[in-house]
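Written out below as C-alpha cells is the structure these notes cover.
The values are calculated or read from the model by the stated rules, or taken from the named source; none is laboratory data. Keep in mind that what you see is a predicted model, and the values were worked out from it rather than measured. Using ideal geometry, Cβ is built from the backbone for each residue, glycine included, and neighbour counts are taken over all protein chains shown.
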Amino acid sequence: MTTNQGTFWRDASDRLTFAIFDLDSACYPEFCQKLVEKFSLIPSSELIVGLDVMFRDYTDGVLTVGLEWDIWSGFIVTAKQKDAELLVRNIAIFLSEIQ
C-alpha cells in the first residue's frame, strides 16, 4: 500500500515495513531524533553506518522497530516483531504529517 509520503510492504521475513524513498542520508539522524522524541524510543542496538546503509533498532520498552536508511529504499521503518506493526503504522502517519 502506498501513502502520499511512503509505501508499506512486507519484507522477506514477513515484517511490516514502511519506506519513504526520496529521503537523502543526511535526513536519517533528524528523522530518528523526531521519532525518538515523539514515540519515547530508546536505542536497543548499536548504530551501523556503511557507505550505503545506516540502521539501528529502537524500543519503547515493549515493542522494537528498526529505523534504517539505504540508497535503494530511503528511510525505512521495520516492525521487529508482529506486535510492533501498529507502532510502524503510527510512525508512518507521523512521518507523512511532518514531511
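Data for the structure
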{"read-out": "All positions within the range 29-61 that are part of a loop (DSSP other than H, G, I, E, B), of a type in the set (D, E, K, R) and farther than 16 Å from K80 by Cα", "value": "D52"}
{"read-out": "Selection within the range 1-23 - assigned to a strand (DSSP E or B) and either exposed (fewer than 15 other Cβ atoms within 10 Å of the Cβ) or of a type in the set (D, E, K, R) (or both)", "value": "T2, W9, R10"}
{"read-out": "Number of the exception - A26 against (1) at pLDDT below 95; (2) in a helix (DSSP H, G or I); (3) closer than 14 Å to Q5 by Cβ", "value": "(3)"}
{"read-out": "Of residues in the range 64-83 being out of contact with any Asp or Glu (no Cβ under 6 Å at 6 or more places or on another chain) and among the hydrophobic types (A, V, I, L, M, F, W, C), the one farthest from K34 (Cα to Cα)", "value": "W72"}
{"read-out": "Restricting the range 43-87 to residues that are modelled with pLDDT of 95 or more and among the aromatic types (F, W, Y), the residue that is surrounded by the fewest Cβ atoms within 10 Å (Cβ to Cβ)", "value": "F55"}
